[in-house]
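Read-outs: derived from the displayed coordinates by stated rules, not from any lab. Note that this is a predicted model, so its numbers are computed, not measured. Every residue, glycine among them, receives a Cβ derived from its backbone with ideal geometry; neighbour counts consider all protein chains shown.
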Amino acid sequence: MKLKRFKNYQELSGFAATDISDAIKNKPSLVLCLASGDTPKLTVELLVKKLIEEKVDHSKITFIGLDEWVGLPPTNTGSCHYFFQNKLIEPLQLKSSQYFLFDALAGDLKNECVKMDKVIDERKGIDIMLVGIGMNGHIGFNEPGSSFDNLSHVIGLDEITKSVGQKYFNEQVELEKGITIGFKHLLNAKKVFLMANGSKKAEVIRTTVEGPLTEDFPASIMQRHENGFVLIDDEAASLLSKLH
Ligand code: F6R
């Protein structure tokens with residue numbers, strides 16, 4: 001794991017967008033997995049802008065959505081599906097064969113997981129994975145206690161995830177379960193960016209970087225990834241006890 005520190009959210013997002021765009025230039029068939037949520041918003045916007053303005057061929061990339069709230073339709077503006085549809089899939093005009101999102105309304109959610117694992121395995125793993133971190137240290141919906149050996153799975157959501165998650169919705173919603181890519185895929189990914197900004201993330205970043213490696217604090221898995229980068233702005237870095 002390496003740490004990269006930036007002055008602010010703009011610089012942090014600019015770095016990630018440039019890195020991903022360069023990676024697509026070098027490998028047009030790149031397999032990219034992204035989280036939704038507040039943190040990667042600007043990265044996704046900058047990435048889309050770059051790919052379009054610089055006419056980067058993105059017709060062969062595979063895009064994978066990290067997770068979804070079980071039971072929510074893609075039309076719900078707080079769903080991960082809605083985020084990707086509007087911020088990435090439509091602007092880049094990705095073909096339906098190029099992107100894979102969990103269907104959170106599927107009758108057989110286990111099969112959704114099997115299908116996603118197959119997509120990843122057939123492509124020999126994820127090239128770049130960009131994730132955020134929850135206020136309980138979760139990554140995707142790998143909640144505290146999740147095994148580092150998990151493939152894609154369905155999980156009952158932690159209380160913190162349920163309450164913090166309300167911020168994405170215009171109305172109060174029932175959030176009980178999530179469907180998510182598991183940590184086995186993260187450990188196999190060729191590169192992982194865990195991104196955090198703002199002082200509210202300072203405590204979880206300190207635990208990620210300086211705390212013990214434990215399934216009780218999911219983001220600590222970054223310590224195990226040789227090509228894992230924790231990208232943070234000065235505010236998120238403010239509680240680190242030493243210079244990294
Ligand atoms: C969303 C996701 C979540 C978020 C995390 C941080 O797809 O996977 O794990 O990355 O909860 O959310 P924000 O970025 O909104 O603070």
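Considering each of N142, N197, N227, N188 in turn, give the residue that is touching an Asp or Glu at 6+ places or on another chain (Cβ under 6 Å) and closer than 28 Å to R5 by Cβ. So that I can check it myself, show each step before the final result.
Numbers: N142 fails: touching an Asp or Glu at 6+ places or on another chain (Cβ under 6 Å); N227 fails: touching an Asp or Glu at 6+ places or on another chain (Cβ under 6 Å); N188 fails: touching an Asp or Glu at 6+ places or on another chain (Cβ under 6 Å).
When all the criteria are applied, what remains is N197.
Strands (runs of 3 or more DSSP E) wholly in the stretch 67-182 with at least 2 residues that are within 16 Å of the ligand (Cβ to nearest atom) and either aromatic (F, W, Y) or in contact with a helix residue (DSSP H, G or I) (Cβ under 7 Å, 6 or more places away or on another chain) (or both) - which ones? Even if it seems obvious, please write down each step before you answer.
Working: elements: 67-69, 128-131, 153-156, 177-180.
Of the strands (runs of 3 or more DSSP E) lying wholly inside the stretch 67-182, those with at least 2 residues that are within 16 Å of the ligand (Cβ to nearest atom) and either aromatic (F, W, Y) or in contact with a helix residue (DSSP H, G or I) (Cβ under 7 Å, 6 or more places away or on another chain) (or both) span 67-69, 128-131, 153-156.
Of all residues in the stretch 28-45, those that are under 16 Å from E68 (Cα atoms) and in contact (Cβ under 8 Å) with a residue 24 or more places away in the chain have Cβ atoms under 7 Å from Cβ atoms of residues that are away from the ligand (no atom under 11 Å from the Cβ) and part of a helix (DSSP H, G or I), 6 or more apart or on another chain, in L34/V44.
Considering the stretch 80-93 alone, what residues qualify as being out of contact with any strand residue (DSSP E or B) (no Cβ under 6 Å at 6 or more places or on another chain) and surrounded by 17 or more Cβ atoms within 10 Å (Cβ to Cβ)? Talk me through it step by step, then tell me what you get.
Start the filter on the stretch 80-93 by keeping residues that are out of contact with any strand residue (DSSP E or B) (no Cβ under 6 Å at 6 or more places or on another chain), which leaves 81-83, 85-88, 90-93.
Listed by number, the residues that qualify are H81, Y82, F83, Q85, K87, L88, L92.
Considering the stretch 94-117, and only residues there that are touching a residue at least 40 places away in the same chain (Cβ under 8 Å) and buried (at least 18 other Cβ atoms within 10 Å of the Cβ), the residue that is nearest to H153 (Cα to Cα) turns out to be C113.
Residues being of a type in the set (D, E, K, R), crowded, with 22+ Cβ neighbours inside 10 Å and part of a loop (DSSP other than H, G, I, E, B): count how many of those fall in the stretch 183-217.
So the first thing to find is which residues in the stretch 183-217 are of a type in the set (D, E, K, R), and the list is 184, 190-191, 200-201, 203, 206, 210, 215-216.
Still in the running and crowded, with 22+ Cβ neighbours inside 10 Å: 201.
Pick out the ones that are also part of a loop (DSSP other than H, G, I, E, B) and you get none.
The number of residues fulfilling the criteria is 0.
The residues in the stretch 38-52 that are more than 16 Å from L231 (Cα to Cα) and in a loop (DSSP other than H, G, I, E, B) can be counted, and the count is 0.
Among the residues of the stretch 169-179, is there at least one that is buried (at least 23 other Cβ atoms within 10 Å of the Cβ), touching a strand residue (DSSP E or B) at 6+ places or on another chain (Cβ under 6 Å) and touching a residue at least 40 places away in the same chain (Cβ under 8 Å)?
Step one: list which residues in the stretch 169-179 are buried (at least 23 other Cβ atoms within 10 Å of the Cβ), which gives 178-179.
After this cut, where a residue has to be touching a strand residue (DSSP E or B) at 6+ places or on another chain (Cβ under 6 Å) as well, the list is 178-179.
Among the residues that remain, those that are also touching a residue at least 40 places away in the same chain (Cβ under 8 Å) are: 178-179.
Within the stretch 169-179 (the criterion being buried (at least 23 other Cβ atoms within 10 Å of the Cβ), touching a strand residue (DSSP E or B) at 6+ places or on another chain (Cβ under 6 Å) and touching a residue at least 40 places away in the same chain (Cβ under 8 Å)), the answer is yes, since at least one residue qualifies.
Going through (1) outside any loop (DSSP other than H, G, I, E, B); (2) more than 16 Å from the ligand (Cβ to nearest atom); (3) closer than 24 Å to K124 by Cα; (4) touching a strand residue (DSSP E or B) at 6+ places or on another chain (Cβ under 8 Å) one by one, S29 falls short only on (1).
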